[in-house]
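Just below is one structure, and these are the notes that go with it.
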Amino acid sequence: MDRRRLTTWFEVGGSALAIAYALLIASNTGNEILGFSLLLISSCLFAGWGIIDKRWAFLALQFFYAVSAIIGLVRWS
């Protein structure tokens, strides 16, 4: 798979999961574990995109999103 297609998959997948995460957390329906899991996967996809495109500031941001997801998973489990 070429680089452009791969980054498109990472971008679209990461965005879709981040949207689902935000909706699950905002809905306050008891789906926090699923929501934070989606955030963690989303940040990993975005991190992959950042590495491929050499977007180091974006990659650093994903590190903090991943840490937030892990904190959320620990606190809600």
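Scan region 1-33 for residues that are in contact with a Leu (Cβ under 9 Å, 6 or more places away or on another chain) and surrounded by 15 or more Cβ atoms within 10 Å (Cβ to Cβ) and the total you get is 12.
The one condition from (1) under 22 Å from Ser77 (Cβ atoms); (2) in contact with a Leu (Cβ under 7 Å, 6 or more places away or on another chain); (3) not charged (D, E, K, R) that Leu39 does not meet is (2). Contact annotation: residue pairs with Cβ atoms under 6 Å, 6 or more positions apart or on different chains, pairing a residue in region 48-77 that is among the small types (Gly, Ala, Ser) with a partner that is surrounded by fewer than 15 Cβ atoms within 10 Å (Cβ to Cβ), are Gly50/Phe58. From the list Gly30, Gly35, the lone residue that is farther than 18 Å from Arg3 by Cβ and outside any helix (DSSP H, G or I) is Gly30.
Can you say whether Leu40 is aliphatic (A, V, I, L, M) and surrounded by fewer than 17 Cβ atoms within 10 Å (Cβ to Cβ), as far as the supplied structure shows? No; evaluated as a whole, the condition is false for this residue.
Here, each number is a calculation from the coordinates, and none is a lab measurement. Computed from a prediction, not measured in an experiment: that's the story for all the values here. Please note: Cβ atoms are built from the backbone with ideal geometry, for glycine as well, and neighbour counts cover all protein chains shown.
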